[in-house]
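Okay, structure first, notes after.
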Amino acid sequence: MCYIYKFVLSHAIINGKRLTFDGKGSQLFGNYIKWFFLTLITCGIYGFWVTPKLYKWIVSHTHFEQ
């Protein structure tokens, strides 16, 4: 997924500035494990928060190129 985001965002231009993505797959994998166990422990209730958390992680690793 990180390769896809890196490719898509590197080809996106907003107000004449190119976007970059610096997230690593290992970071995302660690989050997926954490989210899986939290969803398992709460009998699926935490699953409603996984998608917003994923988008928040993606946005926090997206920057404008200098």
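The values are calculated or read from the model by the stated rules, or taken from the named source; none is laboratory data. Computed from a predicted structure; not experimentally measured. Because the Cβ atoms are built from the backbone with ideal geometry, glycine has one as well, and the counts that use them run over all protein chains shown. Remember, those area values only see protein heavy atoms, side chains included, never the ligands or the DNA or RNA. Shrake-Rupley method; radii C 1.70, N 1.55, O 1.52, S 1.80 Å.
In the range 14-40, the qualifying residues are those that are of a type in the set (K, R) and touching a strand residue (DSSP E or B) at 6+ places or on another chain (Cβ under 8 Å), and the one that is least open to solvent (accessible area, probe 1.4 Å) is R18. All of (1) part of a strand (DSSP E or B); (2) without any contact (Cβ under 8 Å) to a residue 40 or more places away in the chain hold for T20 with one exception: (2). When the range 23-60 is filtered for residues that are of a type in the set (K, R) and touching a residue at least 24 places away in the same chain (Cβ under 8 Å), nothing remains.
Looking across the range 41-52, the residues that are assigned to a helix (DSSP H, G or I) and open to solvent by less than 80 Å² (accessible area, probe 1.4 Å) come down to G47, V50, T51, P52.
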